[in-house]
Amino acid sequence: MINNAPETTNLDQSAADLGMGGHLAPEQDDAGYRKRMERRQEVQRQRVEERNKEKGLVMVFTGQGKGKTTASLGLVLRTLGHGKRVAVIQFIKGGWEPGEARALRTFGDQVVWHALGEGFTWETQDRARDQQLVEEAWQTALTYLRDAEIQLVVLDEVNVAMKLGYISAETVLAGVRERPELTHVALTGRGAPKDLIENADLVTEMTLVHHPFREQGVKAQAGIEY
């Protein structure tokens, strides 16, 4: 858990009290609004100055909604944009090559992509084989988690592998702790276990509100699902 100093907590509260501005601010006059935003700018400057630590983050993207892998790929693109190396290891997935894997080829050996599954459980219909593939994917993941040359490791759908009982949260957390101090790791998939959530630095849960497949009978489309 992250413990904030009292000063930091006070600054966070001040930022919340001052608000985001726009028409949410109570001031009707320009001078009053400008004064509020000047104060908000100063509070934000102090917040940024106080938070000057760097560390490798454990980031979890979970929930029933769409966008978990997409969020992790946003991190991939940012990291590559800074000239750093990335490894993507996909659990469960692997029956087809998604568009993002094709697009990332343009970065050459700056990014490595391993799709080491054979599809959903109802497609494979073979628990023993699924278990074996997860174990192989995990051993591959460990080589990149331990590599100081890799800035970001994405363990795509590893949460699902844990949910299905193919690998334990304890095993995954132990491997994640082996990474160098400044290496980031993103873990995606529905059903992230409680132990993982409690030990993560950042957790985002995608909430399902509408989905065209369920509600409208729209099939998976290129550029959207793959």
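Computed from phi, the 3J(HN,Hα) profile of the stretch 10-27 under the Karplus parametrisation 6.51, -1.76, 1.60 (θ = phi - 60°) reads 5, 5, 4, 5, 4, 4, 5, 5, 6, x, 8, x, x, 7, 7, 6, x, 5 Hz, with x in place of Gly and Pro.
Across the stretch 67-78, coupling constants 3J(HN,Hα) worked out from phi with the 6.51/-1.76/1.60 Karplus curve, θ = phi - 60°, read x, 5, 5, 4, 4, 5, 6, x, 5, 4, 5, 4 Hz, and Gly and Pro carry x. Taking all C-alpha pairs of the stretch 6-50, those more than 12 Å from each other amount to 58 percent. Pairs of C-alpha atoms in the stretch 28-120 farther apart than 20 Å represent 58 percent of all such pairs.
Exposed loop sites, defined as trypsin sites (Lys or Arg not before Pro) outside DSSP H, G, I, E and B with at most 12 other Cβ atoms within 10 Å, are absent from the longest region of the chain, namely 56-176. Here the simple spin-label model places points 7 Å from the Cα toward Cβ, and for Ser168 and Ala148 these points are separated by 3.1 nm.
Round to the nearest 10 and give me the degree value, 0 to 90, for the angle of helix 30-50's Cα axis relative to the longest principal axis of the chain. The two axes meet at around 50 degrees. On the beta carbon distance between Val218 and Gln131, with R0 = 45 Å, the FRET formula returns roughly 0.85.
Close Lys pairs in the stretch 34-128, defined as Cα atoms under 24 Å apart and 8 or more places apart or on different chains, number 6.
Annotation: amide H-H contacts under 5 Å for Val88 (H modelled 1.01 Å from N, sequence separation of 5 or more, or interchain): Val112, Trp113, His114, Val154.
Counting other C-beta atoms within 10 Å, and keeping those with at most 13, which DSSP coil GluC sites (Glu not before Pro) do you find in the stretch 130-192? Please list the in-between numbers first.
Details: sites: Glu135, Glu136, Glu149, Glu157, Glu170, Glu178, Glu181; in loops: Glu149, Glu157, Glu178, Glu181.
Sparse-neighbourhood loop GluC sites (Glu not before Pro): Glu149, Glu178, Glu181.
Rounded to whole numbers, the Karplus 3J(HN,Hα) couplings from phi for the stretch 136-141 are 5, 5, 5, 4, 5, 4 Hz, using 6.51 cos²θ - 1.76 cosθ + 1.60 with θ = phi - 60°, and x at Gly and Pro.
None of the figures in this text is laboratory data; all of them are computed from the coordinates on show. Keep in mind it's a predicted model, so treat the numbers as computed, not measured. Every residue, glycine among them, receives a Cβ derived from its backbone with ideal geometry; neighbour counts consider all protein chains shown.
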